[in-house]
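The values are calculated or read from the model by the stated rules, or taken from the named source; none is laboratory data. Quick caveat, the model's predicted, so the values are computed rather than measured. Cβ coordinates were reconstructed from backbone atoms using ideal geometry, including for glycine residues, and neighbour counts include every protein chain displayed.
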């Protein structure tokens, strides 16, 4: 048995991984924990339902130039733990390369949910596309899959993220974007 310490992103993207911008490759090829800091702009939908969803998931509050920190912690089992903080809000998830039925997909476990992403390397960076989700391991109907547009890229030598989230029936929920750099 070999010790394959590649990240889930290195495993899934294989030779295309090297086409990613340097800051994106850095964040997704870790062998040791890394704490990053940066700033973000966050816009959320108005309304009680949108507020309740964001609050219950610990998603960021709306704001401009908000303090952000993300700690990426690779684990021996090929899973990465991500701990995100946007000002006073925190949410965490685990990221892994899918196996079995999920082979070829990135799986993010977030509370009771699992999101299934297809990753694509684009000229500007890494595109994440949600292609399915589960609640407590049970697949949810295709019509209910959230629309999450996620692009990771480089901006002035820093890791940049741009994420837009909408749900069927509910509609647009939030958009957040910003930059991160390793903390000294």
Residues of region 168-178 satisfying the condition of being buried (at least 17 other Cβ atoms within 10 Å of the Cβ) and touching a helix residue (DSSP H, G or I) at 6+ places or on another chain (Cβ under 9 Å): 173, 174
Across (1) modelled with pLDDT under 95; (2) over 16 Å from the mean Cα position of the chain (by Cα); (3) farther than 15 Å from residue 7 by Cβ, residue 77 clears everything bar (3)
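Kindly establish whether residue 100 is under 23 Å from residue 57 (Cα atoms) and surrounded by fewer than 20 Cβ atoms within 10 Å (Cβ to Cβ). Reasoning before the result, please.
Working: under 23 Å from residue 57 (Cα atoms): no; surrounded by fewer than 20 Cβ atoms within 10 Å (Cβ to Cβ): yes.
In short, no.
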Got a sec? Which of 137, 38, 47, 111 is over 19 Å from residue 173 (Cα atoms) and surrounded by fewer than 16 Cβ atoms within 10 Å (Cβ to Cβ)? 137
Mind checking which residues of region 148-162 are under 13 Å from the mean Cα position of the chain (by Cα) and loosely packed, with under 15 Cβ neighbours inside 10 Å? 149
Being modelled with pLDDT of 95 or more and more than 22 Å from residue 171 (Cα to Cα) narrows 25, 89 down to just 25
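Residue by residue, here is whether (1) surrounded by fewer than 18 Cβ atoms within 10 Å (Cβ to Cβ); (2) in contact with a helix residue (DSSP H, G or I) (Cβ under 9 Å, 6 or more places away or on another chain) holds:
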{"position": "22", "(1), (2)": "yes, no"}
{"position": "28", "(1), (2)": "no, yes"}
{"position": "42", "(1), (2)": "no, no"}
{"position": "53", "(1), (2)": "no, no"}
{"position": "70", "(1), (2)": "no, yes"}
{"position": "79", "(1), (2)": "yes, yes"}
Looking only at region 145-184, and only at residues there that are within 21 Å of residue 58 (Cα to Cα) and outside any strand (DSSP E or B), the one that is modelled with the lowest pLDDT: 170
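Please list, ordered by residue number, the strands (runs of 3 or more DSSP E) wholly in region 36-142 having 3 or more residues that are in contact with a strand residue (DSSP E or B) (Cβ under 7 Å, 6 or more places away or on another chain), without any contact (Cβ under 8 Å) to a residue 60 or more places away in the chain and more than 28 Å from residue 22 (Cβ to Cβ). Show your work before the answer.
Values: elements: 63-74, 80-86, 89-97, 106-110, 113-122, 125-135.
Per the criteria, 125-135.
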Quick check on my filter: what residues within region 10-20 are in contact with a strand residue (DSSP E or B) (Cβ under 7 Å, 6 or more places away or on another chain) and buried (at least 19 other Cβ atoms within 10 Å of the Cβ)? 12, 13, 20
Considering each residue of region 1-20, count those that are at pLDDT 95 or above, over 19 Å from residue 82 (Cα atoms), in a helix (DSSP H, G or I) and out of contact with any helix residue (DSSP H, G or I) (no Cβ under 7 Å at 6 or more places or on another chain), and give that number. 4
